[in-house]
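**Q** Below is a structure I'd like to ask you about.
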Amino acid sequence: MCKEKKLKVLSIDGGGIKGLYSAYILKYISEEYNVDLNEYFDMYCGTSTGGIIALALAHGIKIDQIIDFYEKKGPLIFPNKKSITYGFSTIKQLVFRGKYSDKELKTALIQVFGDKKIKDLHKNICIPAIRLSNQQMTVFKKDHSSNLSLHNNIKLADVALATSAAPTYFPIAYIKEAGEGSFIDGGLGANDPALIGAIEVSKYFIKNKGKFDLLSIASISNTNGFSSTMNRRKWSIFWFKNIIEMVMNVQSVAIYNNLKFLKDLLPCDKYIRIESPPLSEDQRKTIKLDNASPKAIKTLCEMAFNKWAEIKNSNEINDFFI
């Protein structure tokens with residue numbers, strides 16, 4: 001990283017197919033400010049689907065290619081379930097390895113990243129996943145310091161699979177080069193990885209009185225909550241089906257609030273969080289982390305366009321990029 005300029009950090013939340021929304025927001029940013037997303041930022045942080053985007057950008061893959069990945073591969077990774085098979089899909093989610101096989105996801109990631117490894121990236125990264133053997137978070141990063149010698153030879157496709165292995169949705173991910181470790185979705189610990197990135201850049205890359213700017217892109221989240229009159233003994237399948245997204249939403253908000261407080265204690269100049277747009281009742285029913293139906297894809301694209309139209313002339317965004 002260059003010491004003479006203020007460092008730029010990008011953070012992208014997790015959220016399954018909702019990563020398409022985040023990708024479109026980034027596309028609009030690049031077009032509005034004539035920004036090369038592969039070069040503008042010094043560090044790319046991402047969790048789950050955000051981790052896939054972060055790895056792709058850090059590797060030099062253009063945002064239009066990333067959007068194409070979601071629109072074409074999303075329906076294969078999350079096959080649209082017809083009502084007649086939905087019941088079996090839920091039973092599979094409850095009983096077996098996961099609601100979906102990771103075969104299509106793995107194939108798609110290999111097509112994107114090939115055999116490239118972390119050491120091949122031309123930018124720094126922070127990609128969290130949960131290691132099952134110690135129930136601790138692993139943050140995959142380049143070996144950028146003398147006391148780091150763990151991750152350089154791990155394949156990007158394996159990192160992307162590990163950070164997005166959401167329990168009950170996909171099988172556990174295995175990485176031989178990471179101490180033969182088994183991993184699940186980093187979203188259970190840091191669905192918003194902005195604080196991880198802020199600490200990383202503060203500790204290793206800021207010299208003297210240097211500063212960094214941080215742009216964080218939230219996934220679309222269901223912030224409407226559930227009825228206060230809901231039966232407190234409601235069948236546990238309700239929690240099983242909703243707990244993953246709930247955990248991700250809750251701790252994303254917590255990290256955002258913590259970072260707002262900690263910002264002035266860190267060498268952070270500008271911190272912008274592009275928050276989730278509100279959802280109508282129809283959008284709430286349509287937008288799920290695993291709904292890649294044509295209607296859901298179209299809705300995600302429309303919501304990204306509307307969100308960008310809402311914020312693009314804000315002084316905060318303009319000051320960040322101008």
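**Q** Starting from the eigenvalues of the Cα gyration tensor, five times each then square-rooted, give me the equivalent ellipsoid semi-axes of segment 267-322, largest first, whole Å. Could the numbers behind the result be given before it?
**A** Numbers: eigenvalues 161, 29, 19 Å².
Gyration-tensor ellipsoid for segment 267-322: 28, 12, 10 Å.
**Q** Excluding residues fewer than 8 places away in the same chain, name every one of the aspartates and glutamates whose C-alpha is closer than 12 Å to that of LYS270.
**A** Straight-distance partners of LYS270: ASP213, GLU316, ASP319.
**Q** Where the accessible area of segment 1-62 is counted over protein heavy atoms with a 1.4 Å probe, how much of it, in %, is carbon and sulfur? Intermediate values should be presented prior to the final figure.
**A** Details: 780 of 1690 Å².
Solvent-exposed carbon and sulfur of segment 1-62 make up 46 percent of the total.
**Q** Check LYS211: other-chain or 5+ apart residues with amide H under 5 Å from its amide H, H built from backbone geometry?
**A** Here LEU7 satisfy the definition.
**Q** Tell me the accessible surface of SER280 in square angstrom (1.4 angstrom probe, heavy atoms of protein chains only), to the nearest ten.
**A** Spelled out: SER280, probe radius 1.4 Å, area about 50 Å².
**Q** Using the heavy atoms of the protein chains and a 1.4 angstrom probe, tell me the accessible area per residue for segment 161-223 in square angstrom.
**A** Here the per-residue accessible area is 34 Å².
**Q** Relative to the longest principal Cα axis of the chain, at what angle does helix 194-204 sit, 0 to 90 degrees, rounded to 10?
**A** Roughly 30 degrees, rounded to the nearest 10.
**Q** So which of LYS5/LYS155; LYS27/LYS211; LYS141/LYS203; LYS5/LYS263 end up more than 21 Å apart, counting from Cα to Cα?
**A** Table pairs above 21 Å Cα-Cα are LYS5/LYS155; LYS27/LYS211.
**Q** Moving on to the next point. On a 0 to 90 degree scale, rounded to 10, what angle separates helix 19-33 from the longest Cα axis of the chain?
**A** In the chain, helix 19-33 runs at an angle near 30 degrees to the longest axis.
**Q** Determine the order of LYS72, LYS288 by accessible area, beginning with the largest, at a probe radius of 1.4 Å.
**A** On the way: LYS72 130, LYS288 80 Å².
Of LYS72, LYS288, the descending order of accessible area is LYS72, LYS288.
**Q** Going by average Cβ neighbours within 10 Å, how do the peptides 164-171, 303-310 rank, with the highest at the top? Don't jump to the answer; show the numbers that get you there.
**A** On the way: 164-171: 22.0, 303-310: 16.4.
Per-residue Cβ counts within 10 Å, averaged per peptide and sorted highest first, yield 164-171, 303-310.
**Q** Using a 1.4 Å probe on the protein heavy atoms, what percent of the accessible area of segment 254-322 belongs to carbon and sulfur?
**A** On the way: 1970 of 3810 Å².
Ligands and nucleic acids excluded, carbon and sulfur give 52 percent.
**Q** Let me ask something else about it. Treating the beta-carbon of each Lys and Arg as +1 and of each Asp and Glu as -1, no other charges, what is the dipole magnitude of segment 104-151 about its Cα centre, to the nearest 20 debye?
**A** Working: 8 positive and 4 negative charges, 22 e Å.
Taking the Cα centre of segment 104-151 as origin, the dipole is about 100 debye.
**Q** How many Å² of accessible area per residue for segment 240-296, probe 1.4 Å? Working shown, then result.
**A** Working: 2980 Å² over 57 residues.
Per-residue accessible area for segment 240-296 comes out at 52 Å².
**Q** Using amide H atoms built in the peptide plane, which far-off residues or other-chain residues are under 5 Å from ASN124 H to H?
**A** Placed amide hydrogens put TYR44 under 5 Å from ASN124.
**Q** Near the amide H of ARG273, under 5 Å away, which other amide H atoms are found, from residues 5 or more places off or on another chain, if H is placed in the peptide plane?
**A** The answer is SER216.
**Q** Can you find, among MET248, LEU259, ASN134, the residue sitting farthest towards the positive end of the charge dipole of the chain, where Lys and Arg contribute +1 and Asp and Glu -1 at Cβ?
**A** It is ASN134.
**Q** Tell me the angle of helix 63-77 to the major Cα principal axis of the chain, expressed in degrees between 0 and 90 and rounded to the nearest ten.
**A** 20 degrees
**Q** I'd like the Karplus ³J(HN,Hα) series for segment 185-190: coefficients 6.51, -1.76, 1.60, θ = phi - 60°, whole numbers in Hz, and an x wherever there's a Gly or Pro.
**A** 3, x, x, 6, x, 7
**Q** Moving to a separate point now. Taking the simple approach of a point 7 Å from Cα along Cα-to-Cβ for both GLU180 and LYS119, what is their distance in nm?
**A** 2.2 nm
**Q** At a probe radius of 1.4 Å, what is the per-residue accessible area of GLU275, in Å² to the nearest 10?
**A** Estimated to the nearest 10 Å², GLU275 gives 90 Å².
**Q** Over the heavy atoms of SER48, what accessible area does a 1.4 Å probe trace out, to the nearest 10 Å²?
**A** 10 Å²
**Q** Sort out for me the Cα centre separation of segment 191-220 from segment 152-166, rounded to whole Å.
**A** When both Cα centres are located, 21 Å separates them.
The values are calculated or read from the model by the stated rules, or taken from the named source; none is laboratory data. Keep in mind it's a predicted model, so treat the numbers as computed, not measured. Positions of Cβ are generated from backbone atoms using ideal geometry, with glycine treated the same way; all protein chains shown enter the neighbour counts. Quick note on the areas: whole protein, heavy atoms, side chains included, nothing else; ligands and nucleic acids left out. Shrake-Rupley method; radii C 1.70, N 1.55, O 1.52, S 1.80 Å.
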